[in-house]
1. Take Thr225 and Arg158, extend 7 Å from each Cα along the Cα→Cβ direction, and tell me the distance between the two endpoints in nm.
2. Could you state the angle between the C-alpha long axis of helix 413-431 and the longest principal axis of the C-alpha atoms of the chain, as a value from 0 to 90 degrees rounded to the nearest 10?
3. Counting pairwise Cα distances across the range 51-292, what percent come out greater than 34 angstrom?
4. Taking the chain as the reference, fit the longest principal axis to its C-alpha atoms, fit the long axis of helix 3-47 to the helix C-alpha atoms, and give the angle between the two in degrees, 0 to 90, nearest 10.
5. The list (i) 21.8; (ii) 28.0; (iii) 24.6 gives values of Kirkwood radius over Cα pairs in Å, and only one came from this structure; which label was calculated from it?
6. In nanometres, what is the gap between the two model label sites at Leu350 and Leu415, each 7 Å from Cα along Cα-to-Cβ?
7. Under the 0.36 nm per residue contour assumption, what length would be gained going from the current alpha-carbon distance of Asn279 and Leu195 to full extension?
8. Would you mind checking the tilt of helix 310-327 against the longest principal axis of the Cα atoms of the chain, expressed as 0 to 90 degrees and rounded to 10?
Amino acid sequence: MNRNLTLKLGAIALLILLLLIPLLMINGLINDRQQLRDGVLEDIARSSSYSQQLSGPLMVVPYRKVLRTWKLNEKTNQRYQEVGEERGRLYFLPERFELDGQVQTELRKRGIYEARLFHADNRISGHFSVPAQLGIKEDFADYQFDQPFLAVGISDIRGIENALKLELNDQRLDFLPGSQVGWLGEGVHVTLPALNAAQVTELTFGFDLRLQGTGQLQVLPVGKTSKVSLAANWPHPSFIGNYLPVQREITDQSFTAEWQTTFFSTNLQEALVRCVSTNTCDAFNARSFGVSFIDPVDQYLKSDRAIKYALLFIVLTFAGFFLFEVLKSLAVHPVQYALVGVALAFFYLLLLSLSEHLGFALAYLMSASGCVLLIGFYVCHVLRSVRHGLCFSAGLAALYGLLYGLLSAEDYALLMGSLLLFGLLGVFMVLTRKLDWYGIGQKPAKPLEFDIGVVE
């Protein structure tokens, strides 16, 4: 291979490696800004309330069981009865559980960062069917029962925005702080009237809960049959948890969703028994579902994805630059390559800084336009032709457009990128099919005739 061509290609490769330094610095800056944003959102959530999970209601019946043990007196060789006491709790899940929620979202700002809070007006209702003798099949006379209560787990009680009152059959009862059930976490409870344990007891309940939170709202479907309906003024819901909605409708301004589960699909009764007997309740609390209100347009995530294509972008731009050089017998200095490469790197810094204030799409348009205009103006002088400079600028603008398409179509990014590279390789091979690579650099470079005029 011609020595001049080898030196030129080596210099271009060295420039590409050196340009990795500012690109890595910009990538580190993206991560730093993202961590700063996440820290601010965490502070806002700490000052208001975190993501919310509603677990319950559960009916809890504390009991005391008389234990009679026969023992042998070794001195008198006579048997005697020792009486003790065992304390425990019986837990009952509702036969039917329904939640109807109307959610409004709002933005809280701190500096240039925003956090999205939600306010959920929930109507929770259902009924319990308590079996005769509370489901105890052994000697019922050995049991004594304390006052039953209803427990509701709320992951962050700071988000409760109303005074809670339980409608139980024909009564209205006040909730008290604390769930009184350790594995439910924080929450509220309400003391219930004494039960007639000798017969089946039907209890119909309902209460209103206005709950504030940040990020996510999840519900644990505690009923033998559960139905949850949510509607919100948020057009970008992300449905999360173990169950997807059976019905949903998403518009440009809002969404509605409905979930339905049964004990057959949740196996929640068995999970509750395992939780009580082994004190491992993760499986019980994890059978939840809900919606995330996090904004899907994350400028830091898109900026990070964009910079992953930076090396490919620089290589393609240099390849186009080099193609003009060899086809038109121009002498382009490595410093000129370097200046174009630095301008390409500055695109990502502009994109990051502008997207924090203007949104990603507008920031991308302004950053790409600025870089195309700057590089196009410079290349017109380097290539000594306005027409060739405009052609180069048009190609660069097309690359920016294709990059934006790759960022927007995440599921098809690999396919689009593969087709783009294959197409560009084909164009390069067609344009250089008759080029004498051994003869490059052996003749002095000739200045081009100006197509539109000399650019001073």
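1. 4.0
2. Computed tilt is about 10 degrees.
3. Numbers: 7376 of 29161 pairs.
That fraction is 25 percent.
4. 30
5. (ii)
6. 3.2
7. On the way: separation 84, 0.36 × 84 = 30.24 nm, distance 2.66 nm.
Full-extension gain reported as 27.6 nm.
8. 20
Every read-out reported here was derived from the displayed coordinates using simple, explicitly stated rules and does not represent laboratory data. These figures come from a predicted structure and were not determined experimentally. Because the Cβ atoms are built from the backbone with ideal geometry, glycine has one as well, and the counts that use them run over all protein chains shown.
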